[in-house]
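J.: Okay, handing you the structure first.
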Amino acid sequence: MGRKNADSDIDVPDQIADELSALDDGSLREAISYAQTLLEERTEPTTQIEEGPGEEIISIKEQDGYTLVTKKQPCAEGCDNCPHGPYLYRVRVEQSPVDGKPKLHWSFLGRVEAGD
Ligand SMILES: [Zn+2]
């Protein structure tokens, strides 16, 4: 019973290890791909990126370690041409030094041509 990878550092709960080793090759690949998707969803900041008041998100592109967001946004005056842009931002998840929670850090990269 238990794990087959006794000589490795991989620490999988016994129940999951047993269930995984009972799978055929195809199902095992499905399980790997499922686990990778789960992991990516946890590390990707996309789910936290939301339009602010008066903003219009044009596109969200996942990159390795960061996310590129193109959006239009209003100016301080709220003029007739609002929202302006689109503007390109690089968004990274950083740990807040205050409470240790992950927060989004937006870096302004510049204006982009409309229509992407
Ligand atoms: Zn404006």
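J.: Quick one: 3J(HN,Hα) in Hz for region 12-29, Karplus 6.51/-1.76/1.60 with θ = phi - 60°, rounded, Gly and Pro as x.
T.: Using θ = phi - 60°, the values come out as 9, x, 3, 4, 6, 4, 5, 5, 5, 6, 7, 7, 7, 4, x, 5, 5, 5 Hz.
J.: Still on this structure: Any idea which of Gly100, Gln73, Ile58 is furthest toward the positive side of the dipole for region 49-111, if Lys and Arg beta-carbons carry +1 and Asp and Glu beta-carbons -1?
T.: Farthest along the dipole direction, towards plus: Gly100.
Bear in mind these aren't lab numbers, they're just calculated from the coordinates by the rules spelled out. It should be emphasised that the depicted structure is a prediction, and the values quoted were computed from it without experimental measurement. When we count neighbours, we look across all protein chains shown, and the Cβ atoms used for this are built from the backbone with ideal geometry, even at glycine.
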